[in-house]
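For reference, the structure discussed in these notes is given below.
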Amino acid sequence: MKVRVEGTGGSEGWPVPGCACASCGRLDPGHRRPASILVDQRVRLAPSRQPSEAGPATASDIATGPDAPAGPHPGVEEGLPEGYRLLRTSDGREVTAPEGGRLLYAVGPPSRHGEPGDGPPPDSPFDVVLIDLPDRPERLGDLRRRGRVTPSTRIIAVNLCHRVPSEGELARRLGFWGAEAVPDGTVIRTASTPITGGPSEATGGRPRRTLLLGGSRSGKSEEAELRLAAEPEVTYVATGPSGGDDPDWLARVRTHRERRPAHWRTVETTDLAAVLSGGRGTFLVDGIGTWLAAVFDESGAWPGDTRPDDLRRLALDQVEERCEALVDAWRGARARVVAVSDETGLGVVPATAAGRLFRDALGRLNQALARESEEVALVVAGRVVPLPI
């Protein structure tokens, strides 16, 4: 199968004509043309239409012939050339060529309908996937989970536009997701070698342990989720309290849950050392600050009570032991782990003894975890600043 990616931009290209946003302002006009895909010089996929239900292709889905113009084609009635099949499924538009090459064009909202009964098996893998990754990178993770994307699949990002701040940020994200962006006009053959080192690889050259630091509402949790969005299997380790009847905290927890991919597994625990020591696969820990607060609670280590000094010292020793056990488990982890933690000490000195005690303990724990991490970054206002060793 020969796939010519004539355009890789969104419905209006990138930059969007007349748009005053910073993303569009960074690029020259016509940098990326509206998406248009030509298969074997015979079938062109319409760049913008997404049907509302699954089923065989209709005339407005495709255009045929090497000179078929780009854009919607409501007048085409010839259908597909002999030997080609195009199905609209819950994953997108699937093209099968006469020699058996398979392509998925996953742009627009996925259908809620099942696959047609005829054609390839529902979990048949693809040779090439052209996918709108800025929209829902978790779709790629789900395709990997179901075996539709394998290490042999070429994954190309299309429908690129000002949803991404810059080409540099696009490349950074695609590196996490094991995908690539190509210039307009690129020709892809199913026999071409896919990129390596992405989420479909066992570990590749990726960091095993990543610590993401940031202040409140800095974007650190979103950055952690973005990095793992295209993984086939992720265990989200929630360390925060249940929230009880606090409406603000419950709303915060609900927002986090709704943002996570549906196929991720969630574990709520404060026994992080056990999770990291025995776990395999990929873990997202959110976060270290809430874990430490829970450990203070469980140990009764907060100041201000009337207990004797020796009992309060014993409680603080228990906190220190839990922190050391976590660092040991982090050092020996065999799983891939991305953890989120609060960076402390950037503001005023806390007014309470409890605040100062917690700040100092979390600062020391962050340092210890960072020493045992292949990658550490600071997230500020949604922007990521790598912290090299």
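From (1) of a type outside the set (Phe, Trp, Tyr); (2) touching a Phe, Trp or Tyr at 6+ places or on another chain (Cβ under 6 Å); (3) in contact (Cβ under 8 Å) with a residue 60 or more places away in the chain, pick out the condition that doesn't hold for ALA354.
All conditions pass for ALA354, except number (3).
Do the conditions hold for VAL234, that is, is it assigned by TED's automatic domain parsing to the domain that holds ASN366, closer than 27 Å to PRO388 by Cα and either β-branched (Val, Ile, Thr) or touching a helix residue (DSSP H, G or I) at 6+ places or on another chain (Cβ under 7 Å) (or both)?
Spelling it out, VAL234 is indeed assigned by TED's automatic domain parsing to the domain that holds ASN366, closer than 27 Å to PRO388 by Cα and either β-branched (Val, Ile, Thr) or touching a helix residue (DSSP H, G or I) at 6+ places or on another chain (Cβ under 7 Å) (or both).
Among the numbered criteria (1) over 28 Å from the mean Cα position of the chain (by Cα); (2) more than 30 Å from ARG254 (Cβ to Cβ), which one does GLN367 miss?
GLN367 satisfies all of (1) over 28 Å from the mean Cα position of the chain (by Cα); (2) more than 30 Å from ARG254 (Cβ to Cβ) except (1).
Residues that are modelled with pLDDT under 95: which strands (runs of 3 or more DSSP E) entirely in segment 55-154 hold 3 or more of them?
Ranges flagged: 62-64, 85-89, 92-96.
Of everything in segment 241-281 that's touching a helix residue (DSSP H, G or I) at 6+ places or on another chain (Cβ under 6 Å) and at pLDDT 75 or above, which residue is surrounded by the fewest Cβ atoms within 10 Å (Cβ to Cβ)?
HIS263
Please work out which residue is nearest to THR282 (Cα to Cα), limiting yourself to segment 343-368 and to residues that are surrounded by 14 or more Cβ atoms within 10 Å (Cβ to Cβ) and in contact with a Lys or Arg (Cβ under 8 Å, 6 or more places away or on another chain).
Among residues in segment 343-368 that are surrounded by 14 or more Cβ atoms within 10 Å (Cβ to Cβ) and in contact with a Lys or Arg (Cβ under 8 Å, 6 or more places away or on another chain), the one nearest to THR282 (Cα to Cα) is THR344.
The values are calculated or read from the model by the stated rules, or taken from the named source; none is laboratory data. Just so it is clear, the structure is predicted and the values come from calculations on it, not from any experiment. All Cβ positions, even for glycine, are placed from backbone atoms using ideal geometry, and neighbour counts span all protein chains on display.
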